[in-house]
Amino acid sequence: MSTSLPIALLNSLEGLNGFDKEAFVAVHEKQEAITSVRLNPAKQSMDNGQWSINDVIHHSPFIIHEKIPWCSNGYYLPERPSFTLDPLFHAGTYYVQEASSMFLEEAIRQTVDVSKPLKVLDLCAAPGGKSTLLQSIISPDSLLVSNEVIQSRASVLRENIIKWGAANVVVTNNDPKDFQQLQGFFDVIVVDAPCSGSGLFRRDEEAIAEWSENNVQLCSQRQQRILADVLPALKEDGVLIYSTCSFSVDEDEKIIDWLINDCHLSSVNCQLKEEWGIVESNGGYRFWPDKIKGEGFFIACLKKKEGVEFSYPRMRAFNKATKQEAEVLSKYLDNPQRFEFLPLTDNLFAVPVELVQDVRLLKSLLRIRYAGIEMGVINKNELIPEHALALSVHINQSLPAVQLNKEQALQYLRKQDNLQLELNGLKGWCLMQYEKVNLGWAKLLPNRINNYYPKEWRILK
Ligand code: SAM
């Protein structure tokens, strides 16, 4: 590492549980790049009606050689392949995520009963690593609200949520204090807070130059503000998971002290296996990069001792799709009876029946960027399908589809129009698939193929 670690940071870590200055500096100098991915359990290629997780391992350009011990679908890769040139990456069959942060799965499983229908808020969610992980853990009748305050980052979050293909996620673009309208609503709130970023120094040398004690203080104050703003939305006995990728005590242990002493939360312990190398520190858990295979990370679980009970306000009657529209849309889903069709924008959306009331409520209070499955618009009794429908795990598996080889798949993902495909008599709206996984739509016309891959998502290189 050409830029050396800030002395003030090193000094501030002295005496912390597990801090070994020599090993810490050495691991930063080693410049080891660790790459890890998390597979989407709901979205592996389909054979004989069965999703198989092995398919993505087999077909992707990477060889998965080591499991991440604290995450059921997390794997280390021996090297970093070009994810951009892997069609399965664009199809949402896996997410590239730093290994330490996947500990969120263990933290949730140890503190929350995930077999129950839960309302979960991921407050600082873009680009979507923790949200896609949370979605894979919670039950299908649970609701995940995935929020990002910065508008441009909320667009990236929306894209990644659509690629993940689940129906039980609502993407919002709100300030933390907007959630005060939902007092006592959530069973779980995850705050993966904006921080000074020292945990990622190995990946981002520029961050070292930008680091300062002053910025740590500013981050710490902002973290308290964010937490104070959102805590009213957590219900009594609800679980707060707080995490950062900073090593600084002011952003980690001191925030936990403040949550316990000033906000009346209590710390909840996780059981750790010794071989994981994770270190307990003031009720939180530290990931030192010289002790684990991953980057610097801090996470803590807390419980809210008391809170108000949420009651649904009276809501205005809400428009639904007409019976005729619902009939058209039903043909596009595997279990249409599980959904209600709502015109949330000019487009129609499929929302799981058990989440309709919550989606209506959230729509009336927050800036919703996405919800359920965006189906499309109906014109003359025919659906003009949305890209999100193609990527949904709930799409009807028997819709017409064309299999693309890798080169054709990349042409499709670059939004090229001159695709040369074997059409076998197919015409009209058709799914483009790679390894039997949907990439998006094309419209097959007598003399040409129109590529409907979203322009803003296309591969540029
Ligand atoms: N959880 C994300 C993931 O796993 O992909 C990473 C989140 S990142 C550490 C922190 C996020 O907080 C950023 O997306 C940032 O835009 C957002 N943020 C910045 N300032 C914020 C604020 N004042 N309130 C809430 N979120 C904020």
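The values are calculated or read from the model by the stated rules, or taken from the named source; none is laboratory data. Not measured: the values here are computed from a predicted model. Positions of Cβ are generated from backbone atoms using ideal geometry, with glycine treated the same way; all protein chains shown enter the neighbour counts. All accessible areas refer to the heavy atoms of the entire protein, side chains included, with ligands and DNA or RNA removed. Shrake-Rupley method; radii C 1.70, N 1.55, O 1.52, S 1.80 Å.
Measuring how big the stretch 192-253 is from its alpha-carbon positions, Rg and Dmax come out at 13.2, 42 Å. When ILE384, ILE278 are compared by accessible area of protein heavy atoms, the largest-first order is ILE384, ILE278, using a 1.4 Å probe.
Mind checking which aspartates and glutamates have their Cα closer than 15 Å to the Cα of LYS427? Skip sequence neighbours fewer than 8 apart in that chain. Within the straight-line cut-off, LYS427 pairs with GLU382. Rolled with a 1.4 Å probe across the full set of protein chains, the surface gives ASP20 an accessible area near 70 Å².
Here the accessible area of the chain is 46 percent carbon and sulfur, with a 1.4 angstrom probe and all protein chains present.
Modelled spin-label separation between ILE260 and ASP20, with each label point placed 7 Å from Cα along the Cα-to-Cβ direction: 2.6 nm. The solvent-accessible area of TRP457, taken with every protein chain present and a 1.4 Å probe, is close to 30 Å². Under 5 Å between amide hydrogens, built in the peptide plane, is the criterion, and for ALA125 it picks out ASN147, GLU148, VAL149 among residues at least 5 positions away or on other chains. Averaged over residues, the count of other Cβ atoms within 10 Å places the peptides 413-421, 369-377, 135-143 in the sequence 369-377, 135-143, 413-421, highest first.
Using the alpha carbons alone, the radius of gyration of the stretch 77-144 stands to its Kirkwood radius in an Rg to Rh ratio of 1.02. The spread of Cα positions in the stretch 141-191, taken along each principal axis and listed from longest to shortest, comes to 30, 28, 16 Å. Using Cα pairs under 8 angstrom and six or more residues apart, how large is the relative contact order of the chain, in percent? Answer for the chain is 15 percent.
By the equivalent-ellipsoid construction on the alpha carbon gyration tensor, the chain comes out with semi-axes of 39, 28, 18 Å, ordered largest to smallest.
Accessible surface comparison of HIS28, HIS264, HIS394, probe 1.4 Å, protein chains only, largest first: the order is HIS264, HIS394, HIS28. Per residue, the stretch 359-452 exposes 47 Å² of solvent-accessible protein surface, assessed with a 1.4 angstrom probe and all protein chains in place. Rounded to the nearest 5, the antiparallel percentage of DSSP beta bridges internal to the chain is 70%. Ordering of 303-311, 124-132, 197-205 by packing is 124-132, 197-205, 303-311, highest average first (other Cβ atoms within 10 Å, averaged per residue).
Cross-link partners for LYS21 among the lysines, with Cα-Cα distance under 18 Å and sequence neighbours closer than 8 places in the same chain left out: LYS30, LYS291, LYS293.
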